[in-house]
Amino acid sequence: MKTLNIIGAGRVGRTLGALWERTRVFSIQDVLSGTPHATRSGVAFIGKGRAVNALEDMHAADVWMLTPPDGRIAACCSALAASGLLREGDIVFHCSGALSSDELKSAVERGARTASVHPLKSFAEPHDAVRSFAGTYCAAEGDGAALAVLRPAFEQIGARVTEIDAQSKPLYHAASVIVCNYLVALMEAGLRCYETAGIARDTARAMMEPLVRETIDNVFKLGPVTALTGPIARGDDAVVAHQLAALAKWDPRIASLYRELAAVALDLAREKGEADLAALDRLRDLLHRND
């Protein structure tokens, strides 16, 4: 069984560490995080490992998982490369969705094999993430020898690993942000509209839930084109104009958000082919106005 050291025992690091400990995929060895408390709590969550206070306290390992904040990955790897702990053929990988394995070039210069494996999952609460990890898609890229070890390691904890072009990771991660983080922001924008219309926030959340869940179910069951409903799908430019005017008067930022999303919805409406083409042209002209 290969040994694993973890640098950065945050939500992702401790979730993966706990899963690999439970399945005996890796032997969890040393754990280092940003503070002694974070390190100790990470080890407690994982259920195994030695909490260390500094990089120089760590032992050599077959595999190194670097899961600090994205902005610190390169510096963390450089410190590891300079420590003398890396051996020829050791594997170093990170789990960033935005950054490629090129961030780990300092480890390559020491003879290590490097990769990046990004679980496409929300890790808001590690206990929940551990319970629900099976079936998670993971985007992987990097050195073939590293992936030959990491792919089965992730698959043994239930991941579905797919390879990605390293140079396309910014677009891949932007897509993930749009459908996850910005979905949350979109729900907040809707809540603010409901509140301004006089509906209490708790009531608005209860009202939204069945509509949102049904819409999301339809997207995955039927596809975005068929799932699209509402005024743009119908080509109802008068309703869209009235809503835009009301939003612009109340909050120009949300009016701008409405306008940009409407343009994407208009593309779907044209593909759907149910609305009058002249009405869709009027909608296009309406959305291009800046007033």
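Details
- Output for segment 113-162, where each listed residue is of a type in the set (Phe, Trp, Tyr), in a loop (DSSP other than H, G, I, E, B) and modelled with pLDDT of 95 or more: Phe133
- Considering each residue of segment 65-82 in turn, none proves to be farther than 21 Å from Glu103 by Cα, within 21 Å of the chain's Cα centre (by Cα), surrounded by 14 or more Cβ atoms within 10 Å (Cβ to Cβ) and of a type in the set (Gly, Ala, Ser).
- Leading residue by the ranking (nearest to the chain's Cα centre (by Cα)) among those in segment 98-107 that are in contact (Cβ under 8 Å) with a residue 60 or more places away in the chain and buried (at least 20 other Cβ atoms within 10 Å of the Cβ): Leu99
- Residue within segment 157-166 that is in the same structural domain as Phe133 (by TED's automatic domain parsing), farther than 18 Å from Phe93 by Cα and not hydrophobic (A, V, I, L, M, F, W, C) present: yes
- Selected residue (only one of Ala44, Ala54, Ala60 is surrounded by fewer than 16 Cβ atoms within 10 Å (Cβ to Cβ), closer than 15 Å to Met1 by Cα and either among the small types (Gly, Ala, Ser) or under 26 Å from the mean Cα position of the chain (by Cα) (or both)): Ala60
- Annotation note: Cβ proximity below 7 Å between a residue of segment 9-25 that is surrounded by fewer than 22 Cβ atoms within 10 Å (Cβ to Cβ) and a residue that is aliphatic (A, V, I, L, M) and part of a loop (DSSP other than H, G, I, E, B) (sequence gap 6+ or interchain) occurs for Thr23/Ile157; Arg24/Met1; Val25/Ile157.
- Within segment 230-259, the set of residues being without any contact (Cβ under 8 Å) to a residue 12 or more places away in the chain, within 17 Å of Leu280 (Cβ to Cβ) and not small (Gly, Ala, Ser) comprises Val239 only.
- On the stretch given as segment 115-142, residues that are among the charged types (D, E, K, R) and either out of contact with any helix residue (DSSP H, G or I) (no Cβ under 9 Å at 6 or more places or on another chain) or outside the structural domain of Gly13 (by TED's automatic domain parsing) (or both) total 2.
- If you go through segment 245-291 and pick out every residue that is buried (at least 17 other Cβ atoms within 10 Å of the Cβ) and in a loop (DSSP other than H, G, I, E, B), you end up with 1.
Quick grid of which residues meet (1) surrounded by 15 or more Cβ atoms within 10 Å (Cβ to Cβ); (2) in contact with a Leu (Cβ under 7 Å, 6 or more places away or on another chain); (3) part of a helix (DSSP H, G or I):
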residue: Pro170; (1), (2), (3): no, no, yes
residue: Leu183; (1), (2), (3): no, no, yes
residue: Ala189; (1), (2), (3): yes, yes, yes
residue: Pro210; (1), (2), (3): no, no, yes
residue: Gln243; (1), (2), (3): yes, no, yes
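- Residue within segment 113-133 that is farther than 28 Å from Val184 by Cα and not hydroxyl-bearing (Ser, Thr, Tyr) present: yes
The values are calculated or read from the model by the stated rules, or taken from the named source; none is laboratory data. On a predicted model such as this, the values are computed, not experimentally measured, just so you know. Using ideal geometry, Cβ is built from the backbone for each residue, glycine included, and neighbour counts are taken over all protein chains shown.
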